[in-house]
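Derivation of every value follows stated rules applied to the coordinates shown; laboratory data play no part. Given the structure is predicted, the values throughout are model-derived calculations rather than measurements. Note that each Cβ is placed from the backbone with ideal geometry, even for glycine, and that neighbours are counted across all protein chains shown.
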Amino acid sequence: MLRIIVLRFKKLSSTGSKTYRRRHSNNTGSRRRKKKSFHIDLFRLGVIAATTVVFLGAGIAVYNHLPSVKVDKAIAAGDRYTENADYEAAIDSYSEAIEIDSHSVTAYSNMAGAYLSIDDIEAAKKTLYAGWQNTDNEGLLDNYHAVIMNEAVASLNDGTADLDTLRSVVGILSENPDSSDATGLLNSAYERLFDENFVFDYASYKSFVKELLNVYKTAPGDELAGVIRRYSTPGEISFTISTEDAADYNDLLKEIDSAVGASDSASSMMACFDNSVEVLGIFSGIFEQLDVGNVDELRGFVVSDEYLTLRDIFLNGEETPQENTTYVPISREQMILNCSEGKWTYRFADFEEYPETAGVITLWANFFEDNGIQRNSISYEPASTEAGLYPHTKYSVTYLKSYITSGRSTRVEKMNYRLDTTISLSEDEEIQTIIGDWGGPDEWEMDIDTIESRIKP
């Protein structure tokens, strides 16, 4: 569990209150007066007494209507209500005090405390923030920040935290860039947030990282720079991103690198993005041909140097940011990134992972020889003609050395192309045709039941 930041309201009080004192005058000198006979004038005494009562009552009335006195009385009433756990009444009293004096720090502080007592955190935050804006009292701002961080810790502990939760903590840094509590909480929250349940949304993630960068540009610091490097990539997770957003993300990572340096995780992710651009560049021309239905162009592409060079990287198990698998999908819309032990790899989405694709080419890196000659194979799945996965067409082209029938019955071994067309009508139903010597002089449709192949173990 993350540590809860204990919120202790400072003993906040309004400053500049006036003190009212009654003035006294003392005459030290003495005079000799002519001795007079002593008698009481009852009428005059009554007038004096009545006048004194009038002035005393008026003075009390004026005192009771002084703004500072009314504020103090409203706060005192609120405090009594709070002691009796009548928080709604306490809030009303503190609100009355603020209406009289919008600069009363004590009223804001105590009112926020009453809101917290009834778990109205949003109202408490609004009260503290409004108090800080109206009074410039740093104690109110500190308490506002403490409430935000406690709320974030609670969300992280109960598993409901998201990027908006952390964005509120970044807001603290924008107001107090030196807050070690805020940077410490962001560091502690990293692994807690990016778990298997985290749903990656690039727009939201970019906005969050940009906010961190903006704070850093305003007030650079080593501790914040470390937070930014860490959050430049979203933990050891797997997520899908469009190729358009991937290009934008790559630019963001380069901006972070320029500002604070790149982490090893960010460097490996940039390698994925750069490699994906190179790979799509290899396939851009053939995609253009396939988009207009020129499937026969696969014959020339499957034996091209650029295709075979890429194929051999996978065939020979060479290191590459792209996931090294036997059948490697190439598509233009989405890519999937995976992180393991701080290192990122990627793959393009296949047809099942993104049925809305405009088309998927699959590079074949299976070791398959015919009399010592490695086969060259490739597949293409065009865009679906209807919404969903079915019906689904797949063309597979192989350049291989095999026996074909030339003339009436002569079997000839030669290099030739084979076209396999599979139309899947449903998960359990498909139609398949295979054409041997595809595009050659001895083109013929093969009997699927008698096809024999030899796979090198």
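Relative contact order for the range 113-215: what percent, with Cα pairs under 8 Å and sequence separation of 6 or more? Please list the in-between numbers first.
Working: 58 pairs, mean separation 20.9, N = 103.
Reported relative contact order: 20 percent.
For the range 262-334, the set of GluC sites (Glu not before Pro) satisfying both a DSSP loop assignment and a count of at most 16 other C-beta atoms within 10 Å is given as Glu318, Glu319, Glu323, Glu333. Placing pseudo-labels 7 Å out from each Cα toward the beta carbon at Ala259 and Val292 gives an inter-label distance of 4.5 nm. Shape class of the range 284-450 from the Cα gyration tensor (axes a ≥ b ≥ c, square roots of the eigenvalues): oblate, since a/c reaches 1.5 or more and a/b does not exceed b/c.
Over all projection directions, the Cα-based convex hull of the range 130-255 averages an area of 8.1 nm².
Once you keep just the Cα pairs under 8 angstrom separated by 6 or more residues, what percentage relative contact order results for the range 284-450? It would help to have the intermediate numbers written out before the result.
Working: 316 pairs, mean separation 23.8, N = 167.
Relative contact order, the range 284-450: 14 percent.
Quick check on my link table: of Lys343/Lys394; Lys217/Lys343; Lys125/Lys217; Lys210/Lys343, which ones sit more than 25 Å apart, alpha carbon to alpha carbon?
On the way: Lys343/Lys394 33 Å; Lys217/Lys343 28 Å; Lys125/Lys217 27 Å; Lys210/Lys343 23 Å.
Lys343/Lys394; Lys217/Lys343; Lys125/Lys217, as the Cα separations exceed 25 Å there.
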